[in-house]
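Participant: This structure is in structure tokens; I'll ask about it shortly.
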């Protein structure tokens with residue numbers, strides 16, 4: 001299906017991108033029958049709409065894996081594109097925990113979400129990676145060069161897990177943390193609401209000079225850290241407003 005210039009299109013978010021494709025999630029528009037708990041994906045190439053996809057489930061995130069999009073359903077299902085449509089892979093969770101992001105580290109798929117969900121996908125389905133003794137939601141994940149797993153979430157919660165050991169890393173904030181990124185030199189950046197940005201080596205953290213909570217600049221509703229080792233890092237605010245550019 002192709003969009004006309006008269007389509008009543010309202011974009012909800014950018015789901016993901018490959019080298020030559022961009023995938024938007026949008027709300028229902030003229031000619032597309034869908035409920036609000038279903039996902040409409042607009043696929044662009046060279047600035048032109050080349051496909052419109054409908055997934056009969058609410059999806060929160062997308063991962064480009066081996067050049068193809070893989071969508072995460074909010075309750076653990078994965079949807080893989082095959083030719084012109086998406087096929088469900090049937091990996092739903094046993095318990096209803098809302099998942100917000102999907103990642104790939106070392107050819108393994110991970111996700112984070114509600115009720116301390118930090119999960120890895122195995123052949124048998126999703127497995128929990130860590131247990132914490134407080135109620136919190138996780139919003140972001142990263143893996144350092146040594147294999148240490150970091151998860152960040154609500155109320156300033158930041159955890160590091162190596163093997164069977166999980167420890168909390170104390171930060172001087174109770175702000176919700178929405179992003180983690182590791183730079184090429186191994187520094188770890190964590191950012192969250194009210195413009196807070198922290199930088200550290202995994203053991204000790206300090207407030208970053210670019211942090212809105214230190215500089216007094218107007219703070220965005222929240223910030224997201226995006227990046228991976230070898231590509232540097234960028235911090236973005238909500239609604240695609242740039243908060244600070246790559247270090």
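The values are calculated or read from the model by the stated rules, or taken from the named source; none is laboratory data. Keep in mind the model is a prediction, meaning the values are calculated, not measured. Backbone-built Cβ (ideal geometry, glycine too); neighbour counts: all protein chains shown.
Participant: I need a count of the residues in region 143-178 that are on the phi > 0 side of the Ramachandran plot and out of contact with any strand residue (DSSP E or B) (no Cβ under 8 Å at 6 or more places or on another chain).
Facilitator: Total meeting the criteria: 2.
Participant: For region 62-107, give me the residue count where each residue is in the same structural domain as residue 181 (by TED's automatic domain parsing) and not in a loop (DSSP other than H, G, I, E, B).
Facilitator: Count: 7.
Participant: Which one is nearest to residue 207 (Cα to Cα), of the residues in region 161-183 that are assigned to a loop (DSSP other than H, G, I, E, B) and within 20 Å of the chain's Cα centre (by Cα)?
Facilitator: 175
Participant: Okay, moving on. Please list, ordered by first then second residue, the pairs with beta carbon atoms under 7 Å, 6 or more apart or interchain, first in region 1-30 and closer than 20 Å to residue 80 by Cβ and not assigned by TED's automatic domain parsing to the domain that holds residue 41, second modelled with pLDDT under 80 and surrounded by fewer than 17 Cβ atoms within 10 Å (Cβ to Cβ).
Facilitator: Short answer, once both residue conditions are applied: none.
Participant: Then there's this: Checking residue 181 against (1) at pLDDT 90 or above; (2) in contact with a strand residue (DSSP E or B) (Cβ under 7 Å, 6 or more places away or on another chain); (3) within 17 Å of residue 100 (Cα to Cα), which test does it fail?
Facilitator: The single condition residue 181 does not satisfy is (1).
Participant: When the residues of region 32-48 are narrowed to those that are out of contact with any strand residue (DSSP E or B) (no Cβ under 6 Å at 6 or more places or on another chain) and assigned to a strand (DSSP E or B), which ends up surrounded by the most Cβ atoms within 10 Å (Cβ to Cβ)?
Facilitator: 45
Participant: Looking at region 49-88 only, could you name the residues that are farther than 15 Å from residue 15 by Cα, at pLDDT 90 or above and surrounded by 13 or more Cβ atoms within 10 Å (Cβ to Cβ)?
Facilitator: 75, 76, 77, 88
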